[in-house]
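A.B. asks: Could you have a look at this structure, given as structure tokens, before my questions?
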């Protein structure tokens, strides 16, 4: 989902004069790896996909919490939390607005017949529908996203800016300060 956001973030960082010098040393990186593996496994094990995705979200929480000193990770964590609430309250799957999904160039058949491992159809019984995938994003990679996804995309953008040595601090921008990295 984030491939296009990451590529655009790197292009913007390079235009801003950023260079990839060092990758941040994240704490407990193995939680991130576990989360990715569990989400990949959910593709193959449809019967327990909701459980696997839920455990993957817990592993991701552990990773985020271990790295909360980074502003971009905290923004990621907000998006994760918003998505986790709606996923956990709706059977381990992200509800998606069927009308928005019909705008995508993909088949919605797995969504309609309930075989989609990651999404369920947004209905009147959906808990926290405003946190579900309800925003159609038609460009680059067409998809339907949630409010949480917007925070995750912003976190990814800020993380790429930081690892290319051109950090942007939303806190410092809000305070009206110039954000210059100390050398």
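The values are calculated or read from the model by the stated rules, or taken from the named source; none is laboratory data. For clarity, every value in this text was computed on a predicted model and none was experimentally measured. So basically every Cβ, Gly included, is an ideal-geometry build from the backbone, and we count neighbours across all protein chains shown.
A.B. asks: Go through the range 107-133 residue by residue and tally those that are surrounded by fewer than 18 Cβ atoms within 10 Å (Cβ to Cβ), touching a residue at least 12 places away in the same chain (Cβ under 8 Å) and in a loop (DSSP other than H, G, I, E, B).
C.D. replies: Looking only at that region, the number is 4.
A.B. asks: Within the range 168-180, is there a residue that is modelled with pLDDT of 90 or more and either under 19 Å from residue 3 (Cβ atoms) or out of contact with any strand residue (DSSP E or B) (no Cβ under 9 Å at 6 or more places or on another chain) (or both)?
C.D. replies: Scanning the range 168-180, I find no residue that is modelled with pLDDT of 90 or more and either under 19 Å from residue 3 (Cβ atoms) or out of contact with any strand residue (DSSP E or B) (no Cβ under 9 Å at 6 or more places or on another chain) (or both), so the answer is no.
A.B. asks: Give 79, 91 a once-over and let me know the one that is under 20 Å from the mean Cα position of the chain (by Cα) and within 13 Å of residue 149 (Cβ to Cβ).
C.D. replies: 79
A.B. asks: Here's something else I'd like to know. What is the one condition in (1) buried (at least 18 other Cβ atoms within 10 Å of the Cβ); (2) out of contact with any helix residue (DSSP H, G or I) (no Cβ under 6 Å at 6 or more places or on another chain) that residue 77 does not satisfy?
C.D. replies: (2)
A.B. asks: Of all residues in the range 81-97, how many are under 17 Å from residue 135 (Cβ atoms) and in a helix (DSSP H, G or I)?
C.D. replies: The total comes to 5.
A.B. asks: If I filter the range 139-152 down to residues being modelled with pLDDT of 90 or more and assigned to a loop (DSSP other than H, G, I, E, B), which single residue comes out as surrounded by the most Cβ atoms within 10 Å (Cβ to Cβ)?
C.D. replies: Restricting to residues being modelled with pLDDT of 90 or more and assigned to a loop (DSSP other than H, G, I, E, B), the top hit is 146.
A.B. asks: Further question on the same structure: If residue 100 meets every condition in (1) part of a helix (DSSP H, G or I); (2) out of contact with any strand residue (DSSP E or B) (no Cβ under 6 Å at 6 or more places or on another chain) apart from one, which number is that one?
C.D. replies: Evaluating residue 100 over (1) part of a helix (DSSP H, G or I); (2) out of contact with any strand residue (DSSP E or B) (no Cβ under 6 Å at 6 or more places or on another chain) leaves (2) as the failure.
A.B. asks: Right, another one. Residue 33 - would you say it is free of Cβ contacts under 8 Å to residues at least 24 places away in the same chain and not in a loop (DSSP other than H, G, I, E, B)?
C.D. replies: It is true that residue 33 is free of Cβ contacts under 8 Å to residues at least 24 places away in the same chain and not in a loop (DSSP other than H, G, I, E, B).
A.B. asks: Here's a follow-up. Kindly indicate which of 49, 59, 42 is at pLDDT 90 or above and buried (at least 16 other Cβ atoms within 10 Å of the Cβ).
C.D. replies: Just one listed residue meets the conditions, 59.
A.B. asks: (1) under 15 Å from the mean Cα position of the chain (by Cα); (2) surrounded by 18 or more Cβ atoms within 10 Å (Cβ to Cβ); (3) in contact (Cβ under 8 Å) with a residue 40 or more places away in the chain; (4) within 22 Å of residue 122 (Cβ to Cβ): which one isn't true of residue 100, the others all being true?
C.D. replies: For residue 100, the exception is condition (1).
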